[in-house]
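J.: I'd like to ask some things about the structure below.
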């Protein structure tokens, strides 16, 4: 979209003129986001130092596995300006994931690809904000498209707190949400945090740690991605070890176990007439999907992230378990 580009890929723009009322502009941004259907919205400014320290420890411990892009982009996650020159604020939003029961595909990936949906809705927020913002303001929409520590940014904006499983928990909604951001050079006022962002909000509960089938949650908010079934079925590109294959238990894309047991996710929030997308995929069908067929089937699905080779590998592992 028009506006800023990264330091590495394009020119910088001069900073936008300061708005007359940063508080009013922030309120407009939050109201526009809620009008688009987001369940929570807020504004964060400045760096989130604690987030960086935890992320650096995650990388230094090798817990990121094969996700080398996290290492390459690590420094860019330090602050807003490292992603967008002259950025002063980020509008953070959370979108609730449709309901769903048990299946071999994680809930967030069962319907339309959330990346496109959240991007459309955030562009509408930007359009609304432009009408009130000074001329010359710049915006960048981010939905997994920039090196952003989005959960900690969301905490800083007051959307919720991070649970012991490392997931953002939105009070009254739970953790089955997806996130997005709008970076801007407008001097917006930060929204008041409604929570302090610490896992102590979970009290003595250890349901997520106890339920993880691979014990990937080493400690509160410390997850070893190399043992996480979401990482294994989505991000890992190499062949499974025999032990990894035994962990999958038929899963094809992602895992919701640590979220499904969370007390903050208890209780219905959706209308009974909401159509639930299919919860599972057929592993037999997936083993024969070539590149073009994969693109045709998953063009508008988050499942595309697993790649054709990865999804076929997952399907073969599921079938081997059934045969065994």
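J.: What's the number of the condition residue 74 fails, among (1) over 15 Å from residue 148 (Cβ atoms); (2) surrounded by fewer than 20 Cβ atoms within 10 Å (Cβ to Cβ)?
T.: Here residue 74 meets the rest and fails (1).
J.: If we keep just the residues of region 59-84 that are part of a helix (DSSP H, G or I) and touching a helix residue (DSSP H, G or I) at 6+ places or on another chain (Cβ under 8 Å), which is modelled with the lowest pLDDT?
T.: Kept after step one, since they are part of a helix (DSSP H, G or I), are these residues of region 59-84: 59-60, 68-72, 74-77.
Narrowing further to those that are touching a helix residue (DSSP H, G or I) at 6+ places or on another chain (Cβ under 8 Å): 59, 70-71, 74, 77.
Numbers: 59: 95, 70: 93, 71: 92, 74: 88, 77: 84.
The qualifying residue modelled with the lowest pLDDT is 77.
J.: Looking at region 279-324, which of its residues are over 17 Å from residue 240 (Cα atoms), assigned to a loop (DSSP other than H, G, I, E, B) and touching a residue at least 12 places away in the same chain (Cβ under 8 Å)?
T.: Across region 279-324, the qualifying residues are 279, 280, 281, 289, 290, 300, 301.
J.: Among the candidates 44, 118, 126, single out the residue that is surrounded by 20 or more Cβ atoms within 10 Å (Cβ to Cβ), under 21 Å from residue 34 (Cα atoms) and in contact with a helix residue (DSSP H, G or I) (Cβ under 6 Å, 6 or more places away or on another chain). I'd like the intermediate steps shown before the answer.
T.: Working: 118 fails: in contact with a helix residue (DSSP H, G or I) (Cβ under 6 Å, 6 or more places away or on another chain); 126 fails: in contact with a helix residue (DSSP H, G or I) (Cβ under 6 Å, 6 or more places away or on another chain).
Answer to the check: 44.
J.: Looking at the structure I just gave you, is residue 88 within 20 Å of the chain's Cα centre (by Cα) and farther than 30 Å from residue 315 by Cα?
T.: On the way: within 20 Å of the chain's Cα centre (by Cα): no; farther than 30 Å from residue 315 by Cα: yes.
When the stated conditions are applied, residue 88 does not pass them.
J.: Next question. Assuming residue 108 fulfils every condition listed in (1) assigned to a strand (DSSP E or B); (2) farther than 21 Å from residue 35 by Cα apart from one, which condition is it?
T.: So the condition that residue 108 fails would be (1).
J.: Scan region 126-133 and give yes if some residue there is at negative phi and within 14 Å of the chain's Cα centre (by Cα), otherwise no.
T.: Of all residues in region 126-133, those at negative phi come to 126-133.
Checking which are within 14 Å of the chain's Cα centre (by Cα) leaves us with none.
Looking through region 126-133, none of the residues is at negative phi and within 14 Å of the chain's Cα centre (by Cα).
J.: Surrounded by fewer than 17 Cβ atoms within 10 Å (Cβ to Cβ) and not in a helix (DSSP H, G or I): is that true of residue 213 in this structure?
T.: Working: surrounded by fewer than 17 Cβ atoms within 10 Å (Cβ to Cβ): yes; not in a helix (DSSP H, G or I): yes.
Yes, satisfied.
J.: Among 110, 95, 77, which is more than 26 Å from residue 51 (Cα to Cα) and touching a residue at least 40 places away in the same chain (Cβ under 8 Å)?
T.: Details: 95 fails: more than 26 Å from residue 51 (Cα to Cα); 77 fails: more than 26 Å from residue 51 (Cα to Cα).
Testing whether each residue is more than 26 Å from residue 51 (Cα to Cα) and touching a residue at least 40 places away in the same chain (Cβ under 8 Å) leaves just 110.
J.: Can you tell me which condition residue 71 does not meet? The list is (1) under 22 Å from residue 244 (Cβ atoms); (2) touching a residue at least 60 places away in the same chain (Cβ under 8 Å), and all the others hold.
T.: With (1) under 22 Å from residue 244 (Cβ atoms); (2) touching a residue at least 60 places away in the same chain (Cβ under 8 Å) applied to residue 71, the lone miss is (2).
J.: Something else about it: Test residue 166 against the criterion of being in contact with a helix residue (DSSP H, G or I) (Cβ under 9 Å, 6 or more places away or on another chain), within 16 Å of residue 45 (Cβ to Cβ) and assigned by TED's automatic domain parsing to the domain that holds residue 82, and give yes or no.
T.: Values: in contact with a helix residue (DSSP H, G or I) (Cβ under 9 Å, 6 or more places away or on another chain): yes; within 16 Å of residue 45 (Cβ to Cβ): no; assigned by TED's automatic domain parsing to the domain that holds residue 82: yes.
No, not satisfied.
J.: Next question. For region 85-101, check the following and say yes or no: at least one residue is at pLDDT 95 or above, on the phi > 0 side of the Ramachandran plot and surrounded by 14 or more Cβ atoms within 10 Å (Cβ to Cβ).
T.: Taking every residue of region 85-101 in turn, none turns out to be at pLDDT 95 or above, on the phi > 0 side of the Ramachandran plot and surrounded by 14 or more Cβ atoms within 10 Å (Cβ to Cβ).
J.: Please identify the pairs in which a residue from region 145-163 that is more than 14 Å from residue 77 (Cα to Cα) and not assigned by TED's automatic domain parsing to the domain that holds residue 178 has its Cβ atom under 8 Å from the Cβ atom of a residue that is modelled with pLDDT of 90 or more and in a helix (DSSP H, G or I), counting only partners at least 6 apart or on another chain.
T.: As it stands, the answer is none, since no pair meets every condition given.
The values are calculated or read from the model by the stated rules, or taken from the named source; none is laboratory data. Because the structure is predicted, anything quoted here is derived from the model rather than measured. So basically every Cβ, Gly included, is an ideal-geometry build from the backbone, and we count neighbours across all protein chains shown.
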